[in-house]
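*Asks:* Okay, here's the structure, questions in a sec.
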Amino acid sequence: MEMYTLDTALIRLKEISESLESGEYDLDMSLKLYEEGVGLVAFCNKTLNGAKQKITELSQLTAEDDSHE
């Protein structure tokens with residue numbers, strides 16, 4: 001898979017979704033696009049979960065700093 005950012009992955013997912021909805025591709029190509037989409041969804045979920053974890057950690061640090069004042 002190419003190197004994606006969250007934004008580029010979401011753009012590619014939209015393109016894949018539109019292509020699959022259009023019905024313009026045969027079954028083999030549709031399956032390849034679907035497989036790519038599944039991989040992109042996994043990448044997006046991993047990226048978002050990482051960001052969520054980072055925000056949680058930073059929030060806890062801020063809360064700890066505030067409690068020591």
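*Asks:* Between a residue in the range 45-69 that is touching a residue at least 40 places away in the same chain (Cβ under 8 Å) and loosely packed, with under 10 Cβ neighbours inside 10 Å and any residue that is assigned to a helix (DSSP H, G or I) and hydroxyl-bearing (Ser, Thr, Tyr), which pairs come within a Cβ distance under 9 Å, given they are 6 or more apart or on different chains?
*Replies:* The qualifying pairs do not exist here.
*Asks:* Which of the residues that make up the range 19-41 are more than 24 Å from residue 5 (Cα to Cα) and touching a helix residue (DSSP H, G or I) at 6+ places or on another chain (Cβ under 8 Å)?
*Replies:* 25, the sole residue that qualifies.
*Asks:* Name the pairs whose Cβ atoms lie under 9 Å apart, with the first residue in the range 18-36 and open to solvent by 100 Å² or more (accessible area, probe 1.4 Å), the second at pLDDT 95 or above and not aliphatic (A, V, I, L, M), and 6 or more positions between them or separate chains?
*Replies:* What qualifies is 32/25.
The values are calculated or read from the model by the stated rules, or taken from the named source; none is laboratory data. What you see is a predicted model, and the numbers here were worked out from it, not measured in a lab. Ideal geometry is used to build each Cβ from the backbone, glycine not excepted, and the neighbour counts take in all protein chains shown. When the accessible area is computed, the model is the full protein with side chains, heavy atoms only, and any ligands, DNA or RNA have been set aside. Shrake-Rupley method; radii C 1.70, N 1.55, O 1.52, S 1.80 Å.
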